[in-house]
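Participant: Quick one: the structure is below, and I'll ask about it shortly.
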Amino acid sequence: MRGQSLPALSQSFLDGLRKRNPTNIELPTSDLLSAPETILQIGSGSFLKGFVEDFVQLANVAGEPVGRVISVQRRSDHRSAASLRQDGLYTLILRGLENGQAVERKRIIASISRPLSADTEWNEVIAMALQPSTRVIVSNVTESGLALGASDTPNDQPPVSFPGKLTQLLRERWQSSGGRDADIAVVPCELVENNGSILRKLIDEQARRWNLPAAFSDWLRSSVHFANTLVDRIVVGPPPPEKLGAEWQALGYRDDLIVCAEPFALFVLEADEFVRQHFPNDKASPSIRFVDDLTPYRVRKIQILNGSHTMLAGIGRLLGLRTVREAIDDPQLGKFVDSAIFQEVIPATELGEEVESRFYAREIMARFRSPFIEHSLVSICSNCSTKVGARLFPTIRSFMERHEVVPRRLLFGVAAVMLLLRDSDVEDAHLPLIRGMWARVDDQSPDSIFAFVQRILAKQVEWSREDIDPRAIAPEIASFLLKIRDQGLRATLESYV
């Protein structure tokens, strides 16, 4: 691979690079490298590196000293080894369109102080939670991670589930401080409605199951400040292997942790004054907004962007497509998604929101078609069994309430994801269960397919916490599965373009 002989990114390399004052790469301030560790982050995927870590750096550069991040991943892998080699540094490359013009920005991110692995370094994670200087816990464990673990115990090292981990960390903080000067913010970044409120309830329930003292629950209510959030940025992760060498050459150094994303970003937080004080705010970036009610932002984003993403990725993978751009540029699939957004998703939104929603939808379609973003459909399909409920059920429900008919294109998308979970290797927490359900289906029997659809819809309601009446939509979804079986995916899709 080209670039193997280049110097590797590290703090010593950054010190030398700063002396050369490059014009093509934004560098972190030297103060940031010595900033205190104030943010404990559960999750270490590309999204957080291209989103939260970027805002943390922008805040520090703007003179808002919010500190640095301890990044906790489930277990050690090549990323944690690379982070140690590179002193936590990595390059964020932002490419896309702004006002119709191509833009590119590159900056070395120094927001991460050090990585920790939950499986081998849990005691160090606990030690970070005990520090009075730790004022924020950030998370992104996907929608499926917001669930209690049946086998978690209060002394596990660590508990398996994210709510179990967080409950243990908060309990340790409460015990060590006696509840004094121990206030802390919790900022979840999962794409779930009222994610902070849901997480608070999960912690309350975990505390009850573990028989923790009532004084702990009182402290949770008074001193742990949960934010409800909405996050919006397409983060595609590292460049594909065939392009990595060229990226290194353009940078002038080797970086095994490059993260690529679009320039657009929106971070909306419904939070109290404590969160505003200790987390990056709009002084760091106009893309951060603290609001009293994030409902209109959430509805537009989840239903238009994430909902169309889920349909596009599910159908696109079944068609053998690789990226969002390939899928949206497919003449048939692109038209299908466009018509689903403008004829079903937007008509399901609140009255008076149509103009804003149409503007946002056109912006979304332009972002999908950006020639600078290689967003893998496989990554979007991760945990799609839960995403279907979280991202499509509210729109389907609202459309039926307003128009008294089913939104057929959206239901086609639900059917496509069911097939994807049967036929494609996707990363999904519920894949074994769903494959087992499919194995019991007689695909020559309409009754068997209909019964399967009802069962899986009931499970998706449970997983996503989004209600839907399976009896109202199962007949149409089962009909789609039968048509795709008999006519093929493209022929069935064509009749709904």
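Coordinate-derived values only; no laboratory data. Model, not experiment: these values are computed from the prediction. Ideal geometry is used to build each Cβ from the backbone, glycine not excepted, and the neighbour counts take in all protein chains shown.
Participant: Kindly provide the helix-only [θ] at 222 nm of the chain, computed as the sum of -39,500 (n - 2.57) over DSSP H runs of four or more divided by all residues, to the nearest 500 deg cm²/dmol?
Facilitator: Calculated mean residue ellipticity at 222 nm is -15000 deg cm²/dmol.
Participant: Stick to the Cα atoms of the stretch 406-475, pair each with every other, and give me the Kirkwood hydrodynamic radius in Å at one decimal. Before the final figure, lay out the partial values.
Facilitator: Numbers: mean 1/r = 0.0791 Å⁻¹.
One decimal place: 12.6 Å for the Kirkwood radius.
Participant: Using the structure shown, list the pairs from 49/283; 243/335; 459/483 with a Cα-Cα distance above 28 Å, or answer none.
Facilitator: Values: 49/283 20 Å; 243/335 30 Å; 459/483 24 Å.
Distance filter (> 28 Å) returns 243/335.
Participant: Considering only C-alpha atoms, what is the centroid distance from the stretch 346-383 to the stretch 141-164, in Å?
Facilitator: 32 Å
Participant: Could you give the C-alpha radius of gyration of the stretch 50-157 expressed as a fraction of 2.2 N^0.38 Å, taking N as the number of residues it contains?
Facilitator: Expressed relative to 2.2 N^0.38 Å, the Cα Rg reads 1.28.
Participant: Give the span of the stretch 173-323's Cα atoms along each principal axis, as three whole-Å numbers ordered largest to smallest.
Facilitator: 56, 39, 34
Participant: Follow-up question, since we're still on this one. For each of 272, 447, count neighbouring Cβ atoms within 10 Å of the residue's Cβ, then give the residues from fewest to most.
Facilitator: Ordered from fewest to most neighbouring Cβ atoms within 10 Å, 272, 447 come out as 447, 272.
Participant: Moving to a separate point now. Over its Cα atoms, what ratio of radius of gyration to 2.2 N^0.38 Å does the stretch 127-214 give?
Facilitator: 1.04
Participant: Okay, next question. Would you compute the Debye intensity of the stretch 222-287 from its alpha-carbon atoms alone, equal scatterers and no solvent, and pass along log10 I(q)/I(0) at q = 0.19, 0.20, 0.26 Å⁻¹ to two decimals?
Facilitator: For the requested q values the scattering log ratios are -0.82, -0.85, -1.10.
Participant: Here are a few candidate values for percent of Cα pairs over 44 Å apart: [x] 18; [y] 15; [z] 22. Which one was actually calculated from the structure I just gave you?
Facilitator: Recomputing percent of Cα pairs over 44 Å apart here gives the entry labelled [y].
Participant: Here is a follow-up. Give the aspartates and glutamates whose C-alpha is closer than 17 Å to that of residue 165, dropping any in the same chain fewer than 8 places away, or say none.
Facilitator: 119, 121, 124, 143, 152, 156, 190, 204, 205
Participant: Then there is this: Please find the FRET efficiency linking residue 277 to residue 338, where r is the Cβ-Cβ separation and R0 is fixed at 41 Å, and quote it to the nearest 0.05.
Facilitator: The pair residue 277/residue 338 has a calculated efficiency of 0.45.
Participant: Could the peptides 108-119, 27-38, 302-313 be put in order, highest first, of the mean number of other beta-carbon atoms found within 10 Å of their residues?
Facilitator: 302-313, 108-119, 27-38
Participant: Using only the alpha-carbon atoms, what does the stretch 11-290 span along each of its principal axes? Please give whole angstrom values in decreasing order.
Facilitator: The principal-axis extents, from largest down, are 57, 37, 33 Å.
Participant: Still on this model: For a footprinting-style exposure proxy, rank 492, 295, 23 by other Cβ within 10 Å, fewest first.
Facilitator: Values: 492 20, 295 14, 23 6.
The order, fewest Cβ neighbours first, is 23, 295, 492.
Participant: Anything in the chain that counts as a DSSP H helix reaching 18 Å or more along its axis (C-alpha) with Kyte-Doolittle mean of at least 1.0? List them, would you?
Facilitator: Span-like helices in the chain: 408-423.
Participant: Bins of 10 Å, beginning at zero and ending with the bin holding the largest distance: percent of Cα pairs per bin for the stretch 296-494, please.
Facilitator: 9, 38, 39, 13, 1
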